[in-house]
Amino acid sequence: MSQRFYFTFRAMGCAVEAALETDADGTALLAAVPAQVETIEALLSRFRPESELSRLNKQSGTWVQVSDILFQNVALAKHAARITDGLYNPLVLPALVANGYDRSFENLTSSAALRSSAPQKTVEDWQQIKLRPKTLEVLLPTGSAIDLGGIAKGWTAALIADQLAQFGACLISIGGDIAVRGAPSGQSGWSVKVANPNADQPVCEVTLSNTSIVTSGVDYRRWQTTDGQTHHHIVDPRTGQSAATDVRTVTIIHPHAPTAEAYSKAVLLLGSQAGLEWLNQQWDAAGMVVSENGTVYATSNWLNIMESPRV
């Protein structure tokens with residue numbers, strides 16, 4: 001008889017939660033997840049000087065052969081930029097660093113004093129990222145650097161969910177990027193609560209199966225530099241500065257987790273009204289926004305999901 005197993009740990013700078021319903025040894029299956037996530041993080045983290053991503057960033061302007069994992073994520077990041085018309089741009093890293101986000105968020109908030117913001121950085125054109133799929137080579141524009149951030153989290157959540165799905169229904173959450181496969185016994189899907197940044201109670205609860213749900217916001221990763229400027233980690237590639245938006249959090253449901261990540265950034269940058277209008281035109285996506293004043297907006301198909309489970 002199937003049992004439900006749970007496992008939680010920290011990785012990629014956030015909480016990771018895994019749930020699996022299976023008649024196999026769920027304890028052993030979930031216990032293997034942290035090592036796999038660590039292997040991926042060691043390749044893709046911008047906060048680790050020895051990571052493969054950091055080595056790639058140091059060699060901007062030249063072709064670099066990379067691992068299959070890094071190549072897949074860079075290719076996904078470029079695709080995400082394409083489908084959002086550049087609203088998502090993985091080359092925001094120099095601007096992030098200029099705004100003060102030059103270390104992991106745990107170290108950022110524990111620092112006694114942060115330096116003043118550096119002069120504004122121009123974000124390079126994402127179309128100048130070049131790829132050679134046959135040889136797994138990547139060329140970044142000279143002087144640029146890539147931050148895979150949420151794309152890597154969404155990709156990792158989906159990868160692990162796909163692997164665990166052969167043993168039973170599962171849910172993987174990496175810092176708000178959630179991939180679900182199958183449905184627990186007697187249910188139509190996994191129940192996911194959408195947090196309200198302005199209250200303890202969730203905004204709503206949705207039932208999902210074989211899809212992804214991603215939440216991004218400006219409510220959590222915020223800091224103040226010594227010159228008195230307040231920043232958050234969502235950089236507008238059009239300005240190189242922390243995004244000026246009326247969106248506090250945005251939640252996207254889409255079958256593909258990295259696409260949901262990209263869409264969430266686009267909606268946040270466009271603002272609640274224009275963002276959801278844009279999202280309504282995108283393939284198989286649904287979204288909900290909590291604005292800075294606490295007003296909740298949603299796409300029409302989000303309401304349909306509330307009424308009938310998304311499968």
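Among the residues of region 297-307, the one identified as among the aliphatic types (A, V, I, L, M) and at pLDDT 95 or above is 298. Of everything in region 241-265 that is assigned to a loop (DSSP other than H, G, I, E, B) and within 16 Å of the chain's Cα centre (by Cα), the residue that is farthest from residue 306 (Cα to Cα) is 256.
If I filter region 14-26 down to residues being over 24 Å from the mean Cα position of the chain (by Cα) and surrounded by fewer than 14 Cβ atoms within 10 Å (Cβ to Cβ), which single residue comes out as farthest from residue 184 (Cα to Cα)? Top of the filtered list is 25.
All conditions but one from (1) buried (at least 22 other Cβ atoms within 10 Å of the Cβ); (2) of a type in the set (Val, Ile, Thr); (3) modelled with pLDDT under 90 apply to residue 226; the one that does not is (1).
A single entry from 30, 43 fulfils the requirement of being within 17 Å of the chain's Cα centre (by Cα), modelled with pLDDT of 95 or more and closer than 22 Å to residue 17 by Cα: 43.
Out of 165, 161, one residue alone is without any contact (Cβ under 8 Å) to a residue 40 or more places away in the chain and touching a Gly at 6+ places or on another chain (Cβ under 7 Å). It is 165.
In region 266-310, of all residues being in a strand (DSSP E or B) and out of contact with any Lys or Arg (no Cβ under 9 Å at 6 or more places or on another chain), the one that is farthest from residue 243 (Cα to Cα) corresponds to 310. Pairs meeting the criteria (first residue in region 285-304 and touching a residue at least 40 places away in the same chain (Cβ under 8 Å) and surrounded by 11 or more Cβ atoms within 10 Å (Cβ to Cβ), second residue among the aromatic types (Phe, Trp, Tyr) and not in a loop (DSSP other than H, G, I, E, B), beta carbons under 9 Å, at least 6 apart or on different chains) are 288/297; 288/302; 289/297; 290/297; 291/297.
What do you reckon, is residue 240 modelled with pLDDT under 95, touching a Pro at 6+ places or on another chain (Cβ under 7 Å) and crowded, with 18+ Cβ neighbours inside 10 Å? Considered against the rule, which asks whether it is modelled with pLDDT under 95, touching a Pro at 6+ places or on another chain (Cβ under 7 Å) and crowded, with 18+ Cβ neighbours inside 10 Å, residue 240 comes out as no. Of the residues making up region 122-142, those that are surrounded by fewer than 22 Cβ atoms within 10 Å (Cβ to Cβ), at pLDDT 95 or above and farther than 15 Å from residue 84 by Cβ are 128, 130, 131, 132, 133, 134, 135, 136, 137, 139, 141, 142. Only one residue in 91, 87 is in contact with a Ser or Thr (Cβ under 6 Å, 6 or more places away or on another chain), crowded, with 21+ Cβ neighbours inside 10 Å and touching a residue at least 12 places away in the same chain (Cβ under 8 Å), so which one is that? When all the criteria are applied, what remains is 91. Pairs meeting the criteria (first residue in region 53-73 and over 15 Å from residue 155 (Cβ atoms) and in contact (Cβ under 8 Å) with a residue 40 or more places away in the chain, second residue acidic (Asp, Glu) and not in a loop (DSSP other than H, G, I, E, B), beta carbons under 8 Å, at least 6 apart or on different chains) are 63/137; 64/137; 65/137.
Rundown of residues vs (1) touching a residue at least 24 places away in the same chain (Cβ under 8 Å); (2) not in a strand (DSSP E or B), yes/no style:
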residue: 4; (1), (2): yes, no
residue: 7; (1), (2): yes, no
residue: 15; (1), (2): yes, no
residue: 20; (1), (2): yes, no
residue: 28; (1), (2): no, yes
residue: 34; (1), (2): yes, yes
residue: 41; (1), (2): yes, yes
residue: 47; (1), (2): yes, yes
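For region 123-155, a residue qualifies if it is in a helix (DSSP H, G or I) and among the charged types (D, E, K, R), and exactly one does: 153. Screening residue 274 with (1) at pLDDT below 95; (2) more than 20 Å from residue 203 (Cβ to Cβ); (3) of a type in the set (A, V, I, L, M, F, W, C) gives one miss only, at (1).
The values are calculated or read from the model by the stated rules, or taken from the named source; none is laboratory data. As the structure is a computational prediction, the values presented were derived from the model and not from experiment. Positions of Cβ are generated from backbone atoms using ideal geometry, with glycine treated the same way; all protein chains shown enter the neighbour counts.
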